[in-house]
């Protein structure tokens, strides 16, 4: 008998408690995540994993990734070098699955034939809460049958699976329609070089080096970089210095960053040099709401470095602001001032081909 | 007697003041026009706050002197409070508030885009052009900073039917010129080049947002399309094709604008057009807009004088006079704040 619970802020505790209970009994749960709906079972329980494999029609020997709480939990279940740890702390939590040599502490059927395990720290409040409280890793595989597309809503999932299969599910946690984020990017860290096994939404080539194939992806990369900066909670203004040719996607990335704060009316400020926006106080992301102003500048038309000093841009450094500066490489002398007073990141977007952009990030 | 207004506009790089009597301009002073006669409404950046600060007193004095007006004759002071550059707007507002307090005059706040919308009705000191208001109108505001389609229902009543979601039309033209190797300002360069090939649309660049179903504009992708086209060409080829590239780009922008305006005409049933903003000085666009109006049995009004297409305070004064007439003055002048992303909708009564 499948139970369905609707996830909402108010019912958070009820839903998480019910999920813990089902997982504890070796049950199978459909649960939302930062990407698609996932299939959760206790990753330390043999019978539960068998049930999952039966449900997915998963051929044996094909690995199944696992949600963990934090870096410490990664180290508990996999071998990790210090260098890898520093790379991962710049990426996680986020839409990435990392493949590492397993310490064989979890159910062995979750590992690949080579004895590696895929681990994931999702950037999703409810999964984080769940694992925090449950205290054990749970599987993170997408809620679909082997070989078919992942699902963004419960309706579409139930429509696809045969009734018999559906009966195997013990609990469905319905968070409505999820935003159409792609499944995670899978990064293999077991070899000499980093290797991408599956490209997700954020196409990541190596540390601080991303590839965008659409305006939408450029926005996502911007949001991802911003999210990492916000999580450091430096209580300083945040400044993005953007460099890139006309048409590279600087305004698109700015739009992504603005949307993160709930600002949806970004237009090019080229004519007036910069526009200022109020950051709404009701955003879901509590820390983001501690910023007051969003400033979108474009130095394209500014010819003379001396003018910056009268532009007034640096006055925003004295209040909680997020500042994006297109053609920011023209900042000249002011650049040092920004670096001193703000958490500053330098982003360069380059055309690789008509469809591809390379995004480089430097602090 | 029509209201006598001193108006101030510092929305971007221009420091401007004017004295108007109702719709008649008694004086209009624009600082940069005195120094350099530039053809296009884009920014030669001198946007600095200090620049406005240094010029504004002189510009106001000049406007008062040229109009032969004493401050006690004024009925009100009008000032632009948005949209525009925050620090630039602040200078105009602060000076307007100070003068209103010092001279004991009411203060009226005006949306810069209202000014552009009313600019076809701004008259010289003799009362020309004599055209009268015959609401409703469909307004197209097209410049380096804006591209908007506005339903102008009655005095001070606006609805935005469509606007750009990224770059303004004038900005796109300017950036295209830059890609073709021309300096600033780029719009007039494209216009001249296009004339040499009779405005041929050889390359048929994508018409942005043509199938979006709404009345919004987007010119960012068009810019990218030109970039890719130019990149694939050798220098020689580019030189050979430059007039065709310029013309085709301009056609893509203007045909999109005309098509969207036509769609708005069909949807609203309004065939009386107003066109304002820096790009509206383009003769080819004017011809296209006239043909469009004629096709639907309507007409189109442009600003009668060239400077009225660009940033100026005369159009702000004309709106200020109407607002003052209706008693729409700021009660607490201390509280008047700049709104950098002010929309016409926020100023509609």
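The values are calculated or read from the model by the stated rules, or taken from the named source; none is laboratory data. In this text, all values refer to a predicted model and were calculated from it rather than measured experimentally. For neighbour counting, all protein chains shown are included, and Cβ atoms are generated from backbone atoms with ideal geometry for every residue, glycine included.
Below are the figures for this structure:
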{"quantity": "Unique residue being closer than 17 Å to residue A:130 by Cβ and touching a residue at least 60 places away in the same chain (Cβ under 8 Å) when the list is A:34, A:70", "calculated": "A:34"}
{"quantity": "The range B:127-145 - residue that is in a loop (DSSP other than H, G, I, E, B) and crowded, with 24+ Cβ neighbours inside 10 Å and, of those, nearest to the chain's Cα centre (by Cα)", "calculated": "B:143"}
{"quantity": "Which listed residue is within 30 Å of the chain's Cα centre (by Cα), at pLDDT 80 or above and within 12 Å of chain B (Cβ to nearest Cβ), from A:346, A:294, A:338", "calculated": "A:294"}
{"quantity": "Exclusive hit being buried (at least 18 other Cβ atoms within 10 Å of the Cβ), away from chain B (no Cβ under 14 Å) and outside any helix (DSSP H, G or I), set A:263, A:241, A:225", "calculated": "A:241"}
{"quantity": "Residue that is more than 23 Å from the chain's Cα centre (by Cα) and outside any helix (DSSP H, G or I), where the choices are B:105, B:66", "calculated": "B:105"}
{"quantity": "Any hit, the range B:55-63, residues being at pLDDT 95 or above, crowded, with 18+ Cβ neighbours inside 10 Å, away from chain A (no Cβ under 14 Å) and within 15 Å of residue B:336 (Cα to Cα)", "calculated": "no"}
{"quantity": "Selection count, the range A:350-360, where residues are part of a strand (DSSP E or B) and in contact with a helix residue (DSSP H, G or I) (Cβ under 6 Å, 6 or more places away or on another chain)", "calculated": "1"}
{"quantity": "Restricting the range B:11-30 to residues that are in contact with a strand residue (DSSP E or B) (Cβ under 7 Å, 6 or more places away or on another chain) and not in a strand (DSSP E or B), the residue that is surrounded by the most Cβ atoms within 10 Å (Cβ to Cβ)", "calculated": "B:11"}
{"quantity": "Matching residues, the range B:140-159, being touching a strand residue (DSSP E or B) at 6+ places or on another chain (Cβ under 6 Å) and within 14 Å of chain A (Cβ to nearest Cβ)", "calculated": "B:141, B:147, B:148"}
{"quantity": "Residue within the range A:147-162 that is touching a strand residue (DSSP E or B) at 6+ places or on another chain (Cβ under 8 Å) and under 18 Å from residue A:25 (Cα atoms) present", "calculated": "no"}
{"quantity": "When residues of the range B:273-294 are limited to those that are free of Cβ contacts under 8 Å to residues at least 12 places away in the same chain and surrounded by fewer than 15 Cβ atoms within 10 Å (Cβ to Cβ), the one farthest from the chain's Cα centre (by Cα)", "calculated": "B:294"}
{"quantity": "Residue in the range A:306-317 that is modelled with pLDDT under 85, part of a loop (DSSP other than H, G, I, E, B) and within 12 Å of chain B (Cβ to nearest Cβ) present", "calculated": "yes"}
{"quantity": "Evaluation of residue A:109 against (1) modelled with pLDDT under 90; (2) in contact with a helix residue (DSSP H, G or I) (Cβ under 6 Å, 6 or more places away or on another chain); (3) under 21 Å from residue A:46 (Cβ atoms) (one fails), failing number", "calculated": "(1)"}
{"quantity": "Test set (1) closer than 30 Å to residue A:5 by Cβ; (2) surrounded by 17 or more Cβ atoms within 10 Å (Cβ to Cβ) - residue A:116 fails condition number", "calculated": "(1)"}
{"quantity": "So residue A:207, is it surrounded by 14 or more Cβ atoms within 10 Å (Cβ to Cβ) and either at pLDDT 90 or above or more than 24 Å from residue B:227 (Cβ to Cβ) (or both)", "calculated": "no"}
{"quantity": "Residue among B:298, B:317, B:277 that is touching a strand residue (DSSP E or B) at 6+ places or on another chain (Cβ under 6 Å) and closer than 22 Å to residue B:4 by Cβ", "calculated": "B:317"}
{"quantity": "Residue match in the range B:93-104 (condition: under 15 Å from residue B:16 (Cα atoms) and in contact with a helix residue (DSSP H, G or I) (Cβ under 6 Å, 6 or more places away or on another chain))", "calculated": "yes"}
{"quantity": "For residue B:244: the one exception among (1) over 27 Å from the mean Cα position of the chain (by Cα); (2) modelled with pLDDT under 95; (3) on the phi < 0 side of the Ramachandran plot", "calculated": "(2)"}
{"quantity": "Top-ranked residue of the range A:321-341 - restricted to ones that are touching a helix residue (DSSP H, G or I) at 6+ places or on another chain (Cβ under 6 Å) and not in a helix (DSSP H, G or I), ranked as farthest from residue A:256 (Cα to Cα)", "calculated": "A:332"}
{"quantity": "Candidate set: the range B:170-217, residues that are without any contact (Cβ under 8 Å) to a residue 60 or more places away in the chain and in contact with a strand residue (DSSP E or B) (Cβ under 8 Å, 6 or more places away or on another chain); chosen: the one nearest to the other protein chains (Cβ to nearest Cβ)", "calculated": "B:216"}
{"quantity": "Out of B:77, B:47, B:87, B:34, sole residue that is modelled with pLDDT of 85 or more and either surrounded by fewer than 23 Cβ atoms within 10 Å (Cβ to Cβ) or within 14 Å of another protein chain (Cβ to nearest Cβ) (or both)", "calculated": "B:87"}
{"quantity": "Strands (runs of 3 or more DSSP E) completely within the range A:1-109 that count 3 or more residues being at negative phi and surrounded by fewer than 22 Cβ atoms within 10 Å (Cβ to Cβ)", "calculated": "A:3-6"}
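Here's the yes/no breakdown for (1) closer than 26 Å to residue A:244 by Cα; (2) in contact with a helix residue (DSSP H, G or I) (Cβ under 6 Å, 6 or more places away or on another chain):
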position: B:166; (1), (2): yes, yes
position: B:173; (1), (2): yes, yes
position: B:177; (1), (2): yes, yes
position: B:184; (1), (2): yes, no
position: B:202; (1), (2): no, yes
position: B:232; (1), (2): yes, no
position: B:258; (1), (2): no, yes
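A quick yes/no check of all residues on (1) part of a helix (DSSP H, G or I); (2) without any contact (Cβ under 8 Å) to a residue 40 or more places away in the chain:
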site	(1), (2)
B:72	yes, yes
B:77	no, no
B:80	no, no
B:91	yes, no
B:96	yes, no
B:101	yes, no
B:113	yes, no
B:118	yes, no
B:125	no, no
